[in-house]
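Throughout, read-outs are computed from the coordinates displayed, never taken from laboratory work. Only a predicted model underlies this, so the values are computations on that prediction, with no experimental measurement involved. Cβ: placed from backbone, ideal geometry, glycine included. Neighbour counts: every protein chain shown.
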C-alpha cells in the first residue's frame, strides 16, 4: 500500500500536490493531517486497500460517463472480481462481443497495477460474463453432440480468443471430440471435430453390423 507525504500552503494545496504526484483522484486515497499552521500544512496520503481502491476507481470512471451504478468487489484465489450493477442500459458498457467490457477491465487493471503490481482483476456488468460463459458452454456441448452423431466436423462462427478458450475448455472435457483452428486474424475459425480413432471405431462397428 503506497503512502506519501505532501506539503502545501493549506490542506487543499497539500492534497492537490500529493494527488498529482500519485496520479490519482481524491476518491482513491485516504489522508491524515500530520501538521498544520498558518503558513503550511503537511498530510500523509495513502492509496486505499485493493478492494476499496477498485470500487473508487471504477465508480470514478462510470460516474463521469453518466452511469449510476452499484459496485461490489469480491476476492477469491484467482484475484478480484469487480461486479457492476446498473438499471440503465448496459449495452454501451459491454459492447459487441464484450469488447468494451474487456477494454474497461484492461484500463482498471493497468491503473491498479501502479500500486498493486501482481493484482488480477476481472470486471463484470449485470452478470454478463456468467451468462455469456454459460451460453458458450451449452453451444459447444450441443455442437459436440452433433459432431459425435454425424461424424462430421463443424465450424463455429468467428469468436474472440477469450470466447474460443471457453469453448476449447468445454470440448476438452468430451473425450470423443477435439478442436482446431483454421485461418488467421479476422478469418480465424474454430472447428469442432471427431477424434479420428473414434470415427474409425464407429465405421468398423457399422461395417460389422
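Helix 50-64 and the longest principal axis of the C-alpha atoms of the chain enclose an angle of approximately 90°. Stretched out straight at 0.36 nm per residue, the stretch from residue 159 to residue 173 would grow longer than its current Cα-Cα span by 3.0 nm. Each Cα pair under 8 Å and six or more residues apart adds its separation to the average, and for the range 3-47 the resulting relative contact order is 49 percent. Relative contact order (percent) for the chain, with alpha-carbon contacts under 8 angstrom and 6 or more residues of separation? With pairs under 8 Å counted, the relative contact order is 12 percent.
The structure-derived value of Rg/Rh (Cα atoms, Kirkwood Rh) appears in the list [x] 1.02; [y] 1.21; [z] 0.95 under the label [y].
Cβ crowding within 10 Å ranks 99, 13 as 99, 13, fewest other Cβ atoms first. Based on the Stokes-Einstein relation at 20 °C and a viscosity of 1.002 mPa s, and on the Kirkwood radius from alpha carbon pairs, the range 131-196 is assigned a translational diffusion coefficient of 182 µm²/s. Counting only DSSP beta bridges with both residues in the range 50-126, the antiparallel share comes to about 60 percent. Calculated FRET efficiency, residue 35 to residue 63, Cβ-Cβ distance, R0 = 25 Å: about 0.15 to the nearest 0.05.
Calculated mean residue ellipticity at 222 nm for the chain: -14000 deg cm²/dmol, from DSSP H runs with n ≥ 4 weighted as -39500 (n - 2.57), summed, divided by the residue count and rounded to 500. What is the Cα centroid distance between the range 97-128 and the range 43-84, reported in whole angstrom? Their Cα centres are 10 Å away from one another.
Considering the chain as a Gaussian network with a 10 Å cut-off on Cα pairs, which listed residue, 66, 127, 151, attains the greatest mean-square fluctuation? Checking each option, the largest mean-square fluctuation is seen for 66. Across every pair of non-identical alpha carbons in the range 3-47, the mean reciprocal distance, once inverted, gives a Kirkwood radius of 10.0 Å.
D by Stokes-Einstein for the range 50-126, Kirkwood Rh over Cα pairs, 10 °C, 1.306 mPa s: 127 µm²/s. When each of 28, 173, 141 is scored by the number of other beta-carbon atoms lying within 10 Å, the sequence from fewest to most is 173, 141, 28.
Compute the long axis of helix 161-172 from its Cα atoms, compare it with the longest principal axis of the Cα atoms of the chain, and write down the angle in degrees, 0 to 90, nearest 10. For 161-172 against the chain, the angle is about 50 degrees.
For an R0 of 41 angstrom, estimate the FRET efficiency from the Cβ-Cβ distance between residue 135 and residue 25 and round to the nearest 0.05. The computed FRET efficiency comes out at 0.65.
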